[in-house]
1. I'd like to know if the range 173-183 contains one or more residues that are more than 17 Å from the chain's Cα centre (by Cα) and within 30 Å of Val91 (Cα to Cα).
2. Exactly one condition in (1) under 20 Å from Tyr40 (Cα atoms); (2) free of Cβ contacts under 8 Å to residues at least 60 places away in the same chain is false for Met138; which is it?
3. When you go through (1) within 19 Å of the chain's Cα centre (by Cα); (2) at pLDDT 95 or above; (3) surrounded by 15 or more Cβ atoms within 10 Å (Cβ to Cβ) one by one for Val91, which number turns out not to apply?
4. Those residues that are charged (D, E, K, R) and surrounded by fewer than 14 Cβ atoms within 10 Å (Cβ to Cβ), I need them from the range 165-197; list them, please.
5. Within the range 152-159, identify whether any single residue is surrounded by 12 or more Cβ atoms within 10 Å (Cβ to Cβ), at pLDDT below 95 and out of contact with any strand residue (DSSP E or B) (no Cβ under 6 Å at 6 or more places or on another chain), and answer yes or no.
6. Could you grab the pairs with beta carbons closer than 8 Å, sequence gap of 6+ or different chains, first residue in the range 99-117 and touching a residue at least 40 places away in the same chain (Cβ under 8 Å), second one of a type in the set (S, T, N, Q)?
7. Test Ser29 against the criterion of being surrounded by fewer than 21 Cβ atoms within 10 Å (Cβ to Cβ), among the hydroxyl-bearing types (Ser, Thr, Tyr) and more than 13 Å from the chain's Cα centre (by Cα), and give yes or no.
8. Would you mind finding the one in Leu43, Leu70 that is more than 26 Å from Ser106 (Cβ to Cβ) and out of contact with any Cys (no Cβ under 9 Å at 6 or more places or on another chain)?
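The values are calculated or read from the model by the stated rules, or taken from the named source; none is laboratory data. This structure is a prediction, so every number in the text was calculated from the model and none was measured. Cβ atoms come from the backbone with ideal geometry, glycine included; neighbour counts cover every protein chain shown.
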Amino acid sequence: MSNYYLKLRISSKSPWKARKELKQYKSKSFFWIETELMQYKGLKYVPTIVYTASFIAEEPSDFLSSYIGLPPSYFEEIIKTFRELKQRIDVRIVRPKGRAEYALWSNDVLKLKEVQNEVHRLVTHPLLFKEDPDDRKMAMRLLAHSSLKDEEMELEEKIDREIEFENKCVRDIGSYFLNLIDISKKYPSARFWWYVILL
């Protein structure tokens, strides 16, 4: 799986203490699969922010085939949610040469209750549950692309370990955004933006 990175741009007009704290979060790696898993489990704001920070789609067909087999309706929801967010907060659209246009999200989006609720859910609740047969099926599909597939252990243990791994990954993403929310609250005049790149 490819590594993606959330990258921060910090305004020089932000308080120096805020800039110092934000520098710890200038780059955050993640796997794209976690974004799809968030959608699969009903989240829409955090996935929309991550997707559109990489590229802005006009149609569901603009997205690459879903890694976990999500139908087009999930990506219709991303497009709809992005349009909704654009009406509520100011979003910079960047149109670089040689790359699809993308959204440069400001920390204003982190002030929205809906976004904060999803971030809180990622940090405080597992995304996948070992007791849920559908979640176990999803973990089984993910095993085909996991290093766990070559480990010498029972299949059920592999599934449990895959669920634990995915929960850790999404909790890590949630913690990243929670730290940015906390810094925004601590320093109301701080300004920063983020976008996503593939390395």
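1. The answer is yes; a qualifying residue exists.
2. Answer for Met138: the failing condition is (2).
3. Result: Val91 fails condition (2) only.
4. Filtering the range 165-197 for residues charged (D, E, K, R) gives 166, 168, 171-172, 182, 185-186, 191.
Correct list: Lys168, Asp182, Lys185, Lys186.
5. For the range 152-159, residues surrounded by 12 or more Cβ atoms within 10 Å (Cβ to Cβ), at pLDDT below 95 and out of contact with any strand residue (DSSP E or B) (no Cβ under 6 Å at 6 or more places or on another chain): present.
6. Pairs found: Tyr102/Thr52; Tyr102/Ser54; Ala103/Thr52; Trp105/Thr52; Asn107/Ser184; Leu110/Gln116; Leu110/Ser184; Lys111/Ser184.
7. Criteria not met by Ser29.
8. Details: Leu43 fails: more than 26 Å from Ser106 (Cβ to Cβ).
Result of the check over Leu43, Leu70: Leu70.
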